[in-house]
Amino acid sequence: MKRVLVTGGAGFIGSCFARRLRREHPEVEIVVLDLLTYAGNLNNLRVFDADPRFRFVKGDIADPVAVKDAMEGCDVVLNFAAETHVDRSLLSAGHFFDTDVKGVFVLLEEARRTGVERFIQISTDEVYGQILEGEFSENDPLNPRNPYSAAKCGGDRLAYSFWASYGTPVIVTRASNNYGPYHYPEKVIPLFITNAIDNEPLPLYGDGRNVRDWLHVEDHAAALLFLLENGVPGETYNIGGGNEVENIDLTRKILRLLDKPETLIRKVTDRPGHDRRYALSTAKIRALGWGPAYGFEEGLSETVRWYQENEWWWRPIKQGDLQYKAWYEKNYADRLKGATSPS
Ligand code: NAD
Ligand code: TYD
């Protein structure tokens, strides 16, 4: 591993991976290719400011010219770049297919042409769809149920097809919901923490009983580094935290950690097609020797503390960014009108 391309490296998980890669492999050259959409943030990459072995390329993974430039000389590629928010995909899905499918295709074509040694496609547990009991294994059928997960499913299988058709050394990973520092405050954990800090309502969808399996972002990054060394091309690996929590319990935990009242909770109109529960079997990656280091209680309280101590990072997004305000208004204004606090 000499030069690693991290696409989407200005986002939540990609930047965590890049920072960890630098800590564990000081000698490696790191190239980040990122379009800096609303979710991309150069503040996530500040540690690289004076790093001579780091290069940032602003560009679109669906643009072959930008991809050719960024991938030059790279032996390893990890594709984190994506449109990632289910709620946004429900209101407008076009960008999701441009990036999460076509962008993956452009990256794979260039990886095939240059002959990279590893290509990791970061997929998601959402490609399986919901599961009411039990857990999904890697060979289970895929049944995405919203435009985001359908687009990710396209990228996931496209990546596999390059292995099957051309022998491109692709590994596909499907992680569960991540949480941790530098998480854009549209997703539930950073949204609820930052709203609660400001005594703003927490809009809980539906009955609040939907279940997600929470994975600390550092555990995800560690698993990806582990798979670069131990994963087998052509294989798919689930990466889960083993922390299934109902949204209502998650919300209460956040409020307790911040010493805020439950009257901040608002039960609001549900997300259409809201997947009830995700759960993964992680037997395959565990058999290779990886397991998560974070317990959920510890990870969540550290995360809450990070948002308390790093207002410099999230306040400009929530208060200065008109795109964020427009999104909040669009998704929540009607929902919050007349919403009630659960008794
Ligand atoms: P994020 O939304 O925080 O970051 C996405 C990054 O991709 C941003 O920096 C954005 O600017 C960049 N980007 C978007 N479109 C681009 C394009 N066309 N070209 C180049 N860059 C582009 O997302 P995240 O939470 O860090 O997720 C990273 C990856 O992990 C995604 O592929 C996502 O599907 C996957 N994933 C996320 C989770 C989760 O819980 N967040 C769980 C499983 C898998
Ligand atoms: P989210 O963070 O958007 O991740 P995903 O949809 O990819 O799982 O949502 C996590 C859970 O929280 C999901 O069940 C939807 C719920 N949720 C709310 O109840 N209110 C909100 O405002 C948001 C954004 C999510």
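Any read-out appearing in this document is the output of simple, stated calculations on the displayed coordinates, not a laboratory observation. All of these numbers come straight from a predicted model, not from anything done at the bench. Cβ sites come from the backbone with ideal geometry, for glycine too, and all protein chains shown count toward neighbours.
Comparing Ile197, Leu225, Tyr184 along the charge dipole axis of the chain, the residue lying farthest to the positive side is Ile197, per the Cβ-charge model. Each Lys and Arg Cβ is given +1 and each Asp and Glu Cβ -1; about its Cα centre, segment 90-139 then shows a dipole of about 360 debye.
Ignoring aspartates and glutamates fewer than eight residues from Lys2 along the same chain, the ones with Cα atoms less than 15 angstrom from its Cα are Glu24, Glu27, Glu29, Glu72, Asp75, Glu117, Glu229.
Site pair Arg276 and Asp259 shows an inter-label distance of 4.0 nm when each label is modelled 7 Å from Cα along Cα→Cβ. Taking square-rooted eigenvalues a ≥ b ≥ c of the alpha carbon gyration tensor, is segment 1-115 rounded, prolate or oblate, where a/c under 1.5 means rounded and, failing that, a/b exceeding b/c means prolate? Oblate, since a/c reaches 1.5 and b/c is not below a/b.
Would you work out the charge dipole size for the chain about its Cα centre, treating the Cβ of every Lys and Arg as +1 and the Cβ of every Asp and Glu as -1, and quote it to the nearest 20 debye?
The calculated dipole for the chain is roughly 380 debye.
Per residue, the convex hull spanned by the Cα atoms of the chain amounts to 125 cubic angstrom.
Computed from the C-beta positions of Tyr166 and Ala293, the FRET efficiency with R₀ = 35 Å rounds to 0.45. Taking the DSSP beta bridges with both ends in the chain, the antiparallel portion is around 10 percent.
Here Lys337 and Lys68 are evaluated by their C-beta separation; at R0 = 45 Å the FRET efficiency comes out at 0.35. Distance between the pseudo-spin-label points of Ala50 and Leu132 (7 Å out from Cα toward the beta carbon): 5.9 nm.
Selection among Val6, Val86, Trp163 by position relative to the dipole of the chain gives Val86 as farthest towards the positive end (Cβ unit charges, Cα centre). Please identify the DSSP H helices in the chain that span no less than 27 Å along the helix axis (Cα) and have a mean Kyte-Doolittle hydropathy of -1.0 or more. Membrane-span-like by this criterion, though nothing is claimed about a membrane: 147-166.
Note on Lys260: lysines with a C-alpha under 28 Å away, same-chain residues under 8 apart excluded, are Lys187, Lys318, Lys325, Lys330, Lys337.
What is the packing order of peptides 106-113, 283-290, taking the mean over residues of other C-beta atoms within 10 Å and listing the highest first?
Peptide ranking by packing, descending: 106-113, 283-290.
If a/c stays under 1.5 just call it rounded; otherwise compare a/b with b/c (prolate if a/b is bigger, oblate if not). Do that for segment 58-155, with a ≥ b ≥ c from the square roots of the Cα gyration tensor eigenvalues. Verdict is oblate for segment 58-155.
Ignoring aspartates and glutamates fewer than eight residues from Lys58 along the same chain, the ones with Cα atoms less than 13 angstrom from its Cα are Asp34, Asp69. The stretch between Lys330 and Val28, if pulled fully straight at 0.36 nm per residue, gains 104.4 nm over its current Cα-Cα span.
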